[in-house]
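Novice: Here it is, the structure, as structure tokens.
Only the coordinates and a few stated rules stand behind these numbers; no lab work does. Note that the structure is predicted; figures quoted are calculated from it, not measured. Heads up, the Cβs are rebuilt from the backbone with ideal geometry, glycines too, and the neighbour counts pull from every protein chain shown.
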Amino acid sequence: MSVESALALIESVKDFKVLFVGDTIIDEYQYVSVLNKSPKENLIPVKYLSSEVFQGGVHAAARHCESFCKAVTVATDGNGVRKVRMVDKNDVRKLFEIHYNGHITPIVERDTAGFDCVIAVDFGHGLIDSKAVEWLTKTPYLAVNAQTNSANSGFNLITKYRHSDYIVIDEPEARLAAHDRDSPIETVMEKLANGRWLKLIVTHGFHGAYAYDVGRSEFAKLPALSNTVVDTMGAGDAFLAITAPMSKTGSIEDLLLIGNAAGAIKCQITGHRSPVTKNNLIGFLKKHDSFRSDSRR
Ligand SMILES: Nc1ncnc2c1ncn2[C@@H]1O[C@H](COP(=O)(O)OP(=O)(O)OP(=O)(O)O)[C@@H](O)[C@H]1O
Ligand SMILES: [Mg+2]
């Protein structure tokens with residue numbers, strides 16, 4: 001792994017046409033300040049200050065890819081789920097969340113001819129049903145995340161995809177899908193991959209990420225690249241969206257470096273105010289490299 005090879009890998013996807021398939025989600029933050037505890041009830045009263053509405057879900061993921069590839073298309077259906085979170089304005093900590101379920105129709109088969117990579121960001125709200133999984137798994141190059149969230153826990157496991165070329169899931173998603181709480185993560189990844197996936201990444205929040213190249217039987221890991229965190233929401237989606245096109249040819253070491261850099265940049269952005277861009281990412285990697293060289297001197 002070197003920053004040079006990561007930069008070359010980033011350049012290699014500039015003419016790619018990419019299709020994102022996934023659920024529509026609207027993420028709304030209602031910023032509040034926390035008042036004193038209610039004397040009568042066991043609840044925490046808050047005072048409303050302001051709000052901000054973001055296009056989340058598949059649209060937020062796709063936007064991360066836009067500056068890296070030539071064309072990014074989104075396939076989704078319905079007005080999606082609106083997730084309203086009360087957020088303490090002081091520190092962007094989320095206090096509680098309400099889901100307003102809109103209308104999501106299972107997506108019907110699309111023509112994927114002409115796309116270099118299809119990325120399924122499967123938030124498990126109903127867009128990708130078993131029929132959709134059938135056609136997705138037949139596309140020439142498929143990258144997937146199947147998210148476990150508060151609305152689908154245990155019902156949207158990555159094992160619903162019999163085949164995929166590249167997977168990015170987080171550690172709880174990997175352990176849930178493998179039914180394995182305790183084994184070392186490498187054992188969980190081996191169990192899960194079982195010949196099904198060619199490259200498998202398991203992200204682990206502030207610990208960074210692990211990778212398994214199934215074809216080469218090789219593991220790699222890389223600690224997180226930053227400890228400046230404003231908002232982690234969507235960090236795994238940024239990791240997937242940016243590295244998926246690159247996973248066709250990239251080494252797992254380069255994918256970990258680029259993915260962790262994407263995650264680190266996302267963690268510094270509130271909600272989905274802006275996407276991770278190619279310029280941000282290249283700048284981050286160069287800075288990281290010069291910091292590493294200085295600390296080796
Ligand atoms: N607290 C953190 N500190 C530093 N880096 C982080 C932190 N949280 C996430 N990251 C970076 O982002 C990557 C993906 O994060 P994480 O494992 O939290 O994904 P996730 O749970 O799938 O998130 P989401 O589903 O909200 O997109 C990590 O591998 C890491 O590089
Ligand atoms: Mg995730």
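Novice: How high is the relative contact order of the chain, given as a whole-number percent (alpha carbon pairs under 8 Å, six or more residues apart)?
Specialist: Rounded, it is 17 percent for the chain.
Novice: Suppose a student asked you for the relative contact order of region 116-168, using Cα pairs under 8 Å spaced at least 6 residues apart; what percent would you report?
Specialist: Contact order relative to length: 41 percent.
Novice: Name the residue from V72, V46, F96 whose Cα lies farthest towards the positive end of the charge dipole of the chain, charges +1 on Cβ of Lys and Arg and -1 on Cβ of Asp and Glu.
Specialist: It is V46.
Novice: For the chain, count all C-alpha to C-alpha pairs, find those more than 33 Å apart, and express that count as a whole percent of the total.
Specialist: Percent of Cα pairs beyond 33 Å in the chain: 22.
Novice: What residue among K40, K17, K221 shows peak mean-square fluctuation when the chain is described by a Gaussian network model with Cα springs under 10 Å?
Specialist: K40
Novice: Of all DSSP beta bridges in the chain, what percent run antiparallel (nearest 5)?
Specialist: Looking only at bridges with both residues in the chain, the antiparallel portion is about 45 percent.
Novice: Apply the Karplus curve 6.51 cos²θ - 1.76 cosθ + 1.60, θ = phi - 60°, to the phi angles in region 50-65 and return the couplings in whole Hz, x for Gly and Pro.
Specialist: Residue by residue, region 50-65 yields 6, 9, 9, 10, 10, 6, x, x, 5, 5, 5, 4, 4, 4, 5, 8 Hz.
Novice: List the longest stretch of the chain that has no exposed loop site; here a site is one of the GluC sites (Glu not before Pro) assigned by DSSP to anything other than H, G, I, E or B, with at most 16 other Cβ within 10 Å.
Specialist: It runs 110-297.
Novice: Going by the alpha-carbon gyration tensor, a ≥ b ≥ c the square roots of its eigenvalues, is region 137-254 rounded (a/c under 1.5) or, if a/c is not under 1.5, prolate (a/b greater than b/c) versus oblate?
Specialist: rounded
Novice: Calculated from DSSP H runs of 4 or more alone, at -39500 (n - 2.57) each and per residue, what is the 222 nm mean residue ellipticity of the chain, nearest 500?
Specialist: After summing the helix terms and dividing by residue count, I get -9000 deg cm²/dmol.
Novice: I've got another one for you. Leaving out same-chain residues fewer than 8 places away, which aspartates and glutamates sit with a Cα under 18 Å from that of K138?
Specialist: Candidates past the 8-residue exclusion: E109, D111, D116, D122, D129, D165.
Novice: Could you tell me which of the pairs K40/K83; K221/K278; K266/K287; K221/K266 are separated by over 18 angstrom between their Cα atoms in the structure shown?
Specialist: From the list (K40/K83; K221/K278; K266/K287; K221/K266), the Cα-Cα distance tops 18 Å for K40/K83; K221/K278; K221/K266.
Novice: Convert 20 °C to kelvin, take the viscosity as 1.002 mPa s, use the Kirkwood radius over C-alpha pairs of region 31-152 as Rh, and evaluate the Stokes-Einstein diffusion coefficient in µm²/s, rounded to a whole number.
Specialist: 125
Novice: Measure out, as a whole number of angstrom, how far apart the alpha-carbon centroids of region 146-169 and region 79-110 sit.
Specialist: So the two Cα centres are separated by 18 Å.
Novice: At 0.36 nm per residue, and after removing the present C-alpha to C-alpha distance, how many nm does the segment from F291 to F96 gain when stretched out fully?
Specialist: 66.4 nm
Novice: Please list the non-local residues whose amide H lies under 5 Å from the amide H of A120, H modeled 1.01 Å from N, same-chain partners needing a gap of 5 or more.
Specialist: Under 5 Å from the amide H of A120 lie the amide H atoms of V21, A143, V144, N145, each far enough along the sequence or on another chain.
Novice: A follow-up question, please. Place a +1 charge on the Cβ of each Lys and Arg in region 55-142 and a -1 charge on the Cβ of each Asp and Glu, then give the dipole magnitude about the Cα centre in debye, rounded to the nearest 20.
Specialist: 340
Novice: Using +1 on the beta carbon of Lys and Arg, -1 on that of Asp and Glu, and nothing else charged, what's the dipole of the chain about the Cα centre, debye to 20?
Specialist: That gives the chain a dipole magnitude of about 520 debye.
Novice: Charges on Cβ only, +1 for Lys and Arg, -1 for Asp and Glu, centred on the Cα centroid of the chain; of I169, L281, S150, which one is farthest towards the dipole's positive end?
Specialist: L281
Novice: Follow-up. Report the residue, chosen from R273, R216, R196, that carries the largest GNM mean-square fluctuation when the chain is represented by alpha-carbon nodes joined by springs under 10 Å.
Specialist: Highest fluctuation among the options: R216.
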